[in-house]
Amino acid sequence: MANLKEIRNRISSVSSTMQITSAMKMVSAAKLKKAQDAITAMRPYSNKLTELLQSLSATLDADSGSKYAVQREVNNVLIVAITSNRGLCGAFNSNIIKQTNALISDYSDKSVSVLAIGKKANDAFAKQDRVIANKSEVFDDLTFDNVAEIAEMLMEKFVSGDFDKIELVYNSFKNAATQIVMTEQFLPIVPVEGDADVNLDYIFEPSKQEIVETLIPKSLKTQLFKGIRDSFASEHGARMTAMHKATDNATELRDQLKLTYNKARQAAITNEILEIVGGAEALNN
């Protein structure tokens, strides 16, 4: 019967775990809807702003280029690794950490630092003594103004020459079950590829140079905000999927344990009956 008690305890433990994972799945599903709507609504604006900025930048003279587009010899690199503050979301965080480590290897002959946005990134790269700042608190109040402060800090570090190149690593949201690891160059600004529509007859007011200088900081802040928003939606999608699988696994394990328990209980009852019958026959003899 001790074996039966052990199985009962395991069934109770698995059932409790199943309730927790099921609740976490529902919470993430509710948060995912809001986060998905936010990033879906933001993407067209962000993409169009980037497209407009690149097209305008391509028409400027080299001497009038923005301070954020200066191409320097790359000696110091900053990687902005965007993870989550919590786990239980499958490979969501480990994929970012793996990609960041791959970039660090690619820049093996450079000085590479990490700006952590998310406690998981901070925990991983603090051990390597690469973290220059931890901005995990941004997820406590994810607003454009709070993200803009981080973007301004990155722009200042690039302009001052602290870093010659800044890259973003984050999960891009595709759907609840799929997140795509993205690596984007944040600074210097990536020049437009291919033939831009630079010969269109536009009248600029104020000057084209002033428009570009105004748009660049706004575009960079929007790019970072989109990356963090993407990561935030991806986190909830990954957690919902992970908790769904965990709930299914817990249900399967509980059913197996119940079957094992019933078999053991049936065997115990059969043994007791056999002992009673055997004892009765011994008395009759």
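Within the chain, antiparallel bridges make up roughly 40 percent of the DSSP beta bridges whose residues both belong there. Please work out the Cα center distance from the range 138-182 to the range 211-233, rounded to the nearest Å. Measuring centre to centre over Cα atoms gives 8 Å. Identify which of F139, F92, F232 has the largest mean-square fluctuation in a Gaussian network model of the chain, with springs joining Cα atoms closer than 10 Å. Most flexible of the set in this elastic network: F139.
If you fit an axis through the alpha-carbon atoms of helix 208-284 and take the longest principal axis of the Cα set of the chain, what angle between them do you get, 0 to 90°, nearest 10? That helix lies at roughly 10 degrees to the long axis. Take the Cα of Q266, step 7 Å toward its Cβ, do the same at A38, and the gap between the two points is 5.3 nm. Across every pair of non-identical alpha carbons in the range 200-274, the mean reciprocal distance, once inverted, gives a Kirkwood radius of 18.6 Å. Remark: spin-label model distance M153-L88 equals 2.9 nm, labels positioned 7 Å along the Cα→Cβ axis.
Listed by Cβ neighbour count within 10 Å, with the fewest neighbours leading, T222, T260 appear as T260, T222. Which FRET efficiency value, to the nearest 0.05, is calculated for K5 and I273 with the Förster distance at 35 angstrom and r the Cβ-Cβ distance? After rounding, the FRET efficiency stands at 0.95.
The reciprocal of the average 1/r between distinct C-alpha atoms defines the Kirkwood hydrodynamic radius, which for the chain equals 22.6 Å.
Comparing G227, G237, G87 in a Gaussian network model of the chain (Cα springs below 10 Å), the most mobile by mean-square fluctuation is G87.
Bridging of K120 to lysines at a Cα separation below 19 Å is possible for K98, K135, once same-chain residues fewer than 8 apart are set aside.
For q values of 0.09, 0.10, 0.17 Å⁻¹, compute log₁₀ I(q)/I(0) with the Debye formula on a Cα-only model of the range 114-252, without solvent. Cα-only, vacuum Debye calculation for the range 114-252: -0.39, -0.47, -1.07. Computed from label points 7 Å out along Cα-Cβ, the spacing between E213 and N101 is 4.5 nm.
Values in this text are rule-based calculations from the coordinates and carry no lab data. From a predicted model like this one, the values you see are computed outputs, not experimental measurements. Glycine also receives a Cβ, built like all others from the backbone with ideal geometry; neighbour counts cover every protein chain displayed.
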